[in-house]
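In what follows, a structure is listed as structure tokens, so that the remarks can point back to it.
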Amino acid sequence: MKEQASRMIIRHVIEKLEIEKKQQVMSCVGAIRDVMQSFDEENASLALMLVAAE
């Protein structure tokens with residue numbers, strides 16, 4: 001439930017961005033997802049959490 005609330009907050013912040021910035025964020029999201037697909041899902045998720053925590 002906490003994770004879902006966090007996602008909703010982040011999505012709301014992204015929606016409020018200027019179009020160009022929003023496009024850059026979404027492009028980055030797509031690139032991250034593409035890279036993550038080449039790794040084990042659990043390992044990729046842990047790595048993403050580590051990067052986010054930094």
Q. Looking at [x] 18, 13, 10; [y] 16, 14, 8; [z] 22, 16, 9, which value of semi-axes √(5λ) of the Cα gyration tensor in Å comes from a calculation on the structure shown?
A. [z]
Q. What's the carbon and sulfur percent of the chain's accessible surface, probe 1.4 angstrom, rounded to a whole number?
A. 60
Q.
Taking 25 Å as R0, compute the FRET efficiency from the Cβ-Cβ separation of ARG33 and LYS2 and round it to 0.05.
A. 0.65
**Q.** Note, ³J(HN,Hα) from phi for region 37-49, Karplus 6.51, -1.76, 1.60, rounded to Hz, x at Gly and Pro
**A.** 5, 7, 10, 4, 4, 5, 5, 5, 5, 5, 5, 5, 5
(Q) What does the charge count around ILE9 come to, taking other residues whose C-beta lies under 13 Å from its C-beta (Lys +1, Arg +1, Asp -1, Glu -1)? (A) +2
Q: Please give the calculated 222 nm ellipticity per residue for the chain, where each DSSP H segment of at least 4 residues contributes -39500 (n - 2.57) and the sum is spread over every residue; nearest 500 deg cm²/dmol?
A: -27500 deg cm²/dmol
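Any idea of the accessible area per residue across the chain, 1.4 Å probe, to the nearest Å²?
It amounts to 97 Å² per residue over the chain.
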Q. Placing +1 at every Lys and Arg Cβ and -1 at every Asp and Glu Cβ, with all other atoms neutral, what dipole size does the chain have around its Cα centre, in debye to the nearest 20?
A. 320
Q.
Counting only other residues whose beta carbon sits under 12 Å from that of VAL25, what net charge do I get with K and R as +1, D and E as -1?
A. +1
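The values are calculated or read from the model by the stated rules, or taken from the named source; none is laboratory data. Predicted model, so just to flag it, every value in this text is computed and none were measured. Reconstructed Cβ throughout: ideal geometry from the backbone, glycine too, with neighbour counts over all protein chains shown. Just the protein is used for accessible areas: all its heavy atoms, side chains included, with ligands, DNA and RNA removed. Shrake-Rupley method; radii C 1.70, N 1.55, O 1.52, S 1.80 Å.
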